[in-house]
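The values are calculated or read from the model by the stated rules, or taken from the named source; none is laboratory data. Keep in mind the model is a prediction, meaning the values are calculated, not measured. When we count neighbours, we look across all protein chains shown, and the Cβ atoms used for this are built from the backbone with ideal geometry, even at glycine.
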Amino acid sequence: MQTPPSVPLVGVIMGSRSDWETMRVATEVLMSFGVLFESKIVSAHRTPEWMCEYARSAEERGIKVIIAGAGGAAHLPGMVASQTILPVLGVPVQSKSLQGLDSLLSIVQMPGGIPVGTLAIGEAGARNAALLAIRILAIYDSSLAERLHQFHHEQRTKVLSETLP
Ligand code: RP5
């Protein structure tokens, strides 16, 4: 019997308050699976010291996976990954000027040795980042794995029941 955790397992961080509308999707998925998380604004450029403190302390605080969303010159996921051994999942937030292509390339083109798992641009990426974090946690959490099986079953059933006009 596994003891339910009482500390956040997933850190959901974002470069700006303006990223929240995208990143809230990740938090909603985590909530729907009952996964404890924390969500914070951590800016690579505006609060670099805080970013270092967050990244370096996350592992000892019990965080298992970090989801980091940023837009434009989206250095947050990579810089966080450079200072922790935790898996970091990067969400490219859709920017106004370049529709998120800048965010995507900033996050995905990491040098060898510092991995960031890069998701799709925008809300789909935020949603999948949460689901991927849950899959990682489910490796050692059988009840979470069971909930994932249930989720897949429901998703499949919904699609199969859809009809076209
Ligand atoms: C990035 O710059 C943030 O992640 C955000 O996506 C983008 C714009 O930030 P704001 O100017 O809206 O605060 O650091």
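Out of all the residues in segment 53-62, is one or more within 14 Å of the ligand (Cβ to nearest atom), more than 18 Å from Gly122 (Cβ to Cβ) and in contact with a strand residue (DSSP E or B) (Cβ under 6 Å, 6 or more places away or on another chain)? Checking segment 53-62: not a single residue is within 14 Å of the ligand (Cβ to nearest atom), more than 18 Å from Gly122 (Cβ to Cβ) and in contact with a strand residue (DSSP E or B) (Cβ under 6 Å, 6 or more places away or on another chain). Listed by first and then second residue, the pairs linking a residue in segment 6-23 that is within 16 Å of the ligand (Cβ to nearest atom) to a residue that is of a type in the set (Gly, Ala, Ser) and in a loop (DSSP other than H, G, I, E, B), with Cβ atoms under 8 Å apart and 6 or more places separating them unless they lie on different chains, are Gly15/Ser43; Gly15/Ala44; Gly15/Ala74; Ser16/Ser43; Thr22/Gly122.
Being within 16 Å of the chain's Cα centre (by Cα) and of a type outside the set (Gly, Ala, Ser) holds for only one residue in Val7, Val42, and it is Val42.
Residues satisfying the criterion are present in segment 24-40 (criterion: touching a residue at least 60 places away in the same chain (Cβ under 8 Å) and in contact with an Asp or Glu (Cβ under 8 Å, 6 or more places away or on another chain)).
Quick grid of which residues meet (1) small (Gly, Ala, Ser); (2) out of contact with any Phe, Trp or Tyr (no Cβ under 8 Å at 6 or more places or on another chain):
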{"position": "Pro8", "(1), (2)": "no, no"}
{"position": "Gly15", "(1), (2)": "yes, yes"}
{"position": "Ala26", "(1), (2)": "yes, yes"}
{"position": "Gly34", "(1), (2)": "yes, yes"}
{"position": "Glu49", "(1), (2)": "no, yes"}
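Conditions (1) loosely packed, with under 13 Cβ neighbours inside 10 Å; (2) of a type in the set (Gly, Ala, Ser); (3) more than 14 Å from the ligand (Cβ to nearest atom), marked per residue:
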{"position": "Val42", "(1), (2), (3)": "no, no, no"}
{"position": "Thr47", "(1), (2), (3)": "no, no, no"}
{"position": "Ala74", "(1), (2), (3)": "no, yes, no"}
{"position": "Val93", "(1), (2), (3)": "no, no, no"}
{"position": "Ser103", "(1), (2), (3)": "no, yes, no"}
{"position": "Gln109", "(1), (2), (3)": "yes, no, yes"}
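Assess whether Ser103 counts as being among the small types (Gly, Ala, Ser), within 15 Å of the chain's Cα centre (by Cα) and more than 26 Å from Arg147 (Cα to Cα). The answer is yes for Ser103.
Candidates in segment 63-72 are the residues that are buried (at least 24 other Cβ atoms within 10 Å of the Cβ) and within 16 Å of the ligand (Cβ to nearest atom); of these, the one that is nearest to Glu28 (Cα to Cα) is Ile67.
Of all residues in segment 111-126 being away from the ligand (no atom under 14 Å from the Cβ) and buried (at least 22 other Cβ atoms within 10 Å of the Cβ), which is farthest from Gln83 (Cα to Cα)? Ranking the qualifying residues of segment 111-126, first place goes to Leu119.
As a summary of the residue check, Ala129 satisfies the conditions (1) more than 16 Å from the ligand (Cβ to nearest atom); (2) under 18 Å from Leu30 (Cβ atoms); (3) surrounded by 13 or more Cβ atoms within 10 Å (Cβ to Cβ) except for the one numbered (1).
Meeting the requirement of 1 or more residues that are of a type in the set (A, V, I, L, M, F, W, C), farther than 15 Å from Gly15 by Cβ and modelled with pLDDT of 95 or more, the helices (runs of 4 or more DSSP H) wholly within segment 31-133 are 48-58, 101-108.
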